[in-house]
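Asker: Once you've had a glance at the structure underneath, I'll fire off some questions.
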Amino acid sequence: MTSTRSVAATAMLASLIASGAGAQTQAGKQPGPPASALDALHARLDRAAESVLPKVVVWRRDLHAHPELGNQEVRTSAFLAEQLRSLGYEVRTGAAKTGVVALLTGGRPGPVVALRADMDALPVTEETGLPFASTARGEYNGREVGVMHACGHDFHMSMLLGAAEVLAGMKADLPGSVKIVFQPAEEGVPGEPGGAEVMVKEGVLENPKVDAMFGLHVGITPLEAGSITFRPKGLMAAGDTYRIKVKGRQTHGAMPWAGIDPIVVASQIVIGLQTVVSRQIDLTTAPAVVTVGTIEGGSRHNIVPDLVTMSGTIRTFDPEMRKEILARVKRTAENIASAAGATAELILDEGYPVTWNDPALTERMTPSLKRVAAGTFNPNTQPTTTSEDFSYYGQQVPALYFFLGVAPKGADPATWAANHSPRFSPDEAALITGVRALASLAVDFLAGAGK
């Protein structure tokens, strides 16, 4: 199902493999003959990853040229399912609408490891000028939009598909099973359920039960292609949206004592919310943010209104701290309003939870990621206030999520177009690192490395 331009793309890969991607693969290998059975598996894995790289690049360009919005990934799903079936996987489609789940049963009994990639694109009109740039159009929030893989999910899918092929070639030697999860709607769909939360509810982590799960994201930090960074515990923030309705009593602006002014109360709540983080939370545990983004109220200069509505976002990196901050925001708003004779109603739209890297699993798998990193390697990177629905998997099973650098060598971090930009153009030299990292995590976990 690859496009006609894929043939030409394959021919263009020789120099890429021989120089950028191929050189990085060699740099990541351990010198000398294998010293153990695991080293022998690593050597086979690396050779297989290098062999599959031309396909990975073709797949990435084809997927990039044919993006689909969340819960609409019909062509994408069919393409991935076809490739997985050809590799001998047991494939199930229609998970959480358009998701694909595939199972590879190894030659010996053992644990079950899951690898995940997200499938959806964004309502962004591409401006990269690439020969395989997207010209797709779609409907989002009732209007026609351009559609682009502006967050790198085309990279995620192609690297996971490459890892799936590598692992299929090692099936007889795997002590356990590998579950491949291609997930729709990570970016969210207005007014629709979707993504990881739905897949978990539908039992993606069961039958067989998953023992550990791994995933990655390209970009996020402007690191050179092939770099790998992560951290134990909170890597990406929980992102919760809130609204507060402050109800007073309308009166003439010249006689404020005859009513209850919700504008003044709302102003006091804004100030009070600043103390939740600055004075009530132990920030040595993890950072946190409480932001008020909007305040709406009133219709005329000489009328004290009945109602003021305010909204904002809360970002946290620790699950327990998240619960505490949400409770304190509610208490602060309600009590300040009550003191003035007004009422405050908190309406919470819980977003994605904290993307939590299980500390024990992270420590155990750190050597696997260090082995394949082709650039910077940082196992204690700074957390990011962006959110990811991979977090739902981590609430159920031990999980590890990491970042893969995709900035071209020498790129200026201040001017490089990052994720969600119409000019986001990740360097394909990072693809080989992603394939090796995903496959290595699966092989090493099943083989008991680091125990």
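The values are calculated or read from the model by the stated rules, or taken from the named source; none is laboratory data. This structure is a prediction, so every number in the text was calculated from the model and none was measured. All Cβ positions, glycine included, derive from the backbone under ideal geometry; neighbour counts span all protein chains shown. The area values use the complete protein model at the heavy-atom level, side chains included, leaving out ligands, DNA and RNA. Shrake-Rupley method; radii C 1.70, N 1.55, O 1.52, S 1.80 Å.
Asker: Take E186 and decide whether it is farther than 30 Å from T343 by Cα and either without any contact (Cβ under 8 Å) to a residue 60 or more places away in the chain or open to solvent by 30 Å² or more (accessible area, probe 1.4 Å) (or both).
Answerer: No: the conditions fail for E186.
Asker: Applying the selection to segment 322-359, what residues are surrounded by fewer than 14 Cβ atoms within 10 Å (Cβ to Cβ), closer than 27 Å to A258 by Cα and in contact (Cβ under 8 Å) with a residue 60 or more places away in the chain?
Answerer: Matches in segment 322-359: G341 only.
Asker: Residues being part of a loop (DSSP other than H, G, I, E, B) and touching a helix residue (DSSP H, G or I) at 6+ places or on another chain (Cβ under 8 Å): count how many of those fall in segment 428-451.
Answerer: Selection size over segment 428-451: 3.
Asker: Can you work out which of the residues in segment 308-321 that are part of a strand (DSSP E or B) and within 24 Å of Y393 (Cβ to Cβ) is most open to solvent (accessible area, probe 1.4 Å)?
Answerer: Across segment 308-321, the extreme among qualifying residues is R315.
Asker: Could you tell me which of the residues T2, T10 is open to solvent by 60 Å² or more (accessible area, probe 1.4 Å), more than 30 Å from P190 (Cβ to Cβ), part of a helix (DSSP H, G or I) and at pLDDT below 50?
Answerer: Matching residue, one of T2, T10: T10.
Asker: Assess whether I269 counts as being farther than 17 Å from V354 by Cβ, open to solvent by 50 Å² or more (accessible area, probe 1.4 Å), in contact (Cβ under 8 Å) with a residue 12 or more places away in the chain and not small (G, A, S).
Answerer: In short, no.
Asker: Please indicate, with yes or no, whether at least one residue in segment 93-114 is of a type outside the set (F, W, Y), free of Cβ contacts under 8 Å to residues at least 24 places away in the same chain and within 23 Å of E197 (Cα to Cα).
Answerer: Within segment 93-114, one or more residues are of a type outside the set (F, W, Y), free of Cβ contacts under 8 Å to residues at least 24 places away in the same chain and within 23 Å of E197 (Cα to Cα).
Asker: I've got another one for you. Which pairs turn up if I take residues in segment 62-80 that are farther than 19 Å from A133 by Cα and open to solvent by less than 10 Å² (accessible area, probe 1.4 Å) and look for partners that are assigned to a helix (DSSP H, G or I) and modelled with pLDDT of 95 or more with beta carbon separation below 8 Å, at least 6 apart in sequence or on another chain?
Answerer: If the second residue must be assigned to a helix (DSSP H, G or I) and modelled with pLDDT of 95 or more, the pairs left are L80/M157; L80/L161.
Asker: Every residue in segment 54-73 that is more than 14 Å from L438 (Cα to Cα) and assigned to a helix (DSSP H, G or I), please.
Answerer: Listed by number, the residues that qualify are P54, K55, V57, V58, W59, R60, R61, D62, L63, H64, A65.
Asker: Here's a follow-up. Go through (1) buried (at least 23 other Cβ atoms within 10 Å of the Cβ); (2) over 18 Å from the mean Cα position of the chain (by Cα); (3) in a loop (DSSP other than H, G, I, E, B); (4) not acidic (D, E) one by one and return the number of the condition M365 breaks.
Answerer: (3)
Asker: Okay, moving on. Which residue out of F390, F445, F402, F424 is open to solvent by 10 Å² or more (accessible area, probe 1.4 Å), of a type in the set (A, V, I, L, M, F, W, C) and touching a residue at least 40 places away in the same chain (Cβ under 8 Å)?
Answerer: Just a single option satisfies the conditions, and that option is F445.
Asker: Could you pull out every one of the strands (runs of 3 or more DSSP E) wholly within segment 86-175 that has 3 or more residues that are touching a strand residue (DSSP E or B) at 6+ places or on another chain (Cβ under 8 Å) and buried (at least 24 other Cβ atoms within 10 Å of the Cβ)?
Answerer: 99-105, 108-118
Asker: Restricting segment 176-210 to residues that are of a type in the set (A, V, I, L, M) and assigned to a strand (DSSP E or B), which is nearest to the chain's Cα centre (by Cα)?
Answerer: Once the filter is applied, the top-ranked residue is V181.
Asker: Spot the failing condition for R47; the list is (1) modelled with pLDDT of 95 or more; (2) in a helix (DSSP H, G or I); (3) farther than 15 Å from A437 by Cα; (4) open to solvent by 80 Å² or more (accessible area, probe 1.4 Å), and only one is missed.
Answerer: Result: R47 fails condition (3) only.
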